[in-house]
Amino acid sequence: MIVAGGKALQKMRKNPMGGRIEELQAVAEENFVEWRRPGRGGSHVIFSAPGVREILSVPAKRPIQPVYIKQFVALIDAAGGIRTK
C-alpha cells in the first residue's frame, strides 16, 4: 500500500489532537478523497473516496476529536492503496 505524505497528514498521524476541518479538507484534496457539506448548512463534513466502502462524517466544530482524526487517516490510507497521484 502507498502511504500518503504531506506535513499536515504526518502531523495528524503523530498527534491526532486539535485538528481543524480546513486541514482535513486540504489533506483530502491532496489524496483524491472527496468531501462535501450536506445541504442547508449542515454541521458535518462528509469524506469519501472512490473504491473505499467507508464514508466518514466529521463534525465541523473545533477542535475535532481525536477519534475522527484517526478515522480520517485510515480513510486516507485506504484511498492511497487504490489511487495515487
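The values are calculated or read from the model by the stated rules, or taken from the named source; none is laboratory data. Keep in mind it's a predicted model, so treat the numbers as computed, not measured. For neighbour counting, all protein chains shown are included, and Cβ atoms are generated from backbone atoms with ideal geometry for every residue, glycine included.
State whether the residues of segment 20-41 include one that is in contact with a helix residue (DSSP H, G or I) (Cβ under 9 Å, 6 or more places away or on another chain), assigned to a helix (DSSP H, G or I) and in contact (Cβ under 8 Å) with a residue 60 or more places away in the chain. Within segment 20-41, not a single residue is in contact with a helix residue (DSSP H, G or I) (Cβ under 9 Å, 6 or more places away or on another chain), assigned to a helix (DSSP H, G or I) and in contact (Cβ under 8 Å) with a residue 60 or more places away in the chain. Against the conditions (1) within 21 Å of Q65 (Cα to Cα); (2) modelled with pLDDT of 90 or more, E30 satisfies every one except (1). The residue that is modelled with the lowest pLDDT, among those in segment 33-81 that are among the β-branched types (V, I, T), touching a Leu at 6+ places or on another chain (Cβ under 8 Å) and farther than 19 Å from K14 by Cα, is V52.
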